[in-house]
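Only one structure is covered here, and it is reproduced in the block below.
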Amino acid sequence: MPTAREPAPHNLDRVEAVPRPEVRAVLEADHACYPPAYRVSLVKVQALCDGFPEGVTLYRGRFGGGRLGGTWHPLGYSAWHPFDPDLLERPWPTSVAILPGAPSAYLYNYSVIPAFIGSPIARELMTRLAEQIRGIPTLAADTVSIHGVRAAQRWGMRLHEARQVDGAPWELWARRGGAGPRDADPPISGPRVNRPPLT
Ligand SMILES: CC(C)(COP(=O)(O)OP(=O)(O)OC[C@H]1O[C@@H](n2cnc3c(N)ncnc32)[C@H](O)[C@@H]1OP(=O)(O)O)[C@@H](O)C(=O)NCCC(=O)NCCS
């Protein structure tokens, strides 16, 4: 959903992937990516950043300033954490505990702002996330869009549960204990729009 604040891709002059980002920056990225029904709370972002900071990566871009300045905007973020695989034996909880060391990854979120869906930055985010979770046998992911479903399927996940949350459709996709079809050989393809290299 484009907003008045959403920057135009052609004005982008610098991109950064920020590991272990600040809570406020992640919250801002989330709200830039999603309509109100799907936005995350400050409490949840705080829990993700405190509980498993290595699973959180922010993507931000500087627009319209060349070397002299410009304005930084959030472009997207990914966040995941290990969880108890036994949770997949029962209805998925509304709040999933972080379980360090568990052989699992709950892909809490992977998203870019609407103007950058289908861009090399989205590809960068997805391939970096794929590298982070490579070799982890059990996966779960919330999906709220066809984009999320497509990515989940590429990781070998299947639909596990579907329901309405606060009146909006919600699905959980999951994979138990096996490698996905793309785990061994993630695809690399050419850029669809021009953009500066990620730092
Ligand atoms: C999820 C999102 C970031 C994906 O971006 P996208 O531009 O639609 O990405 P695509 O699915 O076309 O994939 C782009 C590239 O990323 C890589 N990729 C995507 N999914 C992958 C996966 N599961 N494993 C490895 N690589 C993957 C591939 O290189 C792919 O390129 P290819 O299709 O040429 O092979 C984006 O659609 C988005 O932000 N959507 C809105 C938010 C949303 O619904 N998020 C889902 C979770 S709720």
Checklist entry - At A97 and R128, where each label point lies 7 Å from the Cα along Cα→Cβ, what is the point-to-point distance in nanometres? => result 3.1
Checklist entry - In whole angstrom, how far apart do the alpha carbon centroids of the range 109-141 and the range 158-175 sit? => result 19
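Rule-based calculations on the coordinates, nothing more; no lab input. Everything numeric here is computed off the predicted structure, so don't read it as measured data. Positions of Cβ are generated from backbone atoms using ideal geometry, with glycine treated the same way; all protein chains shown enter the neighbour counts.
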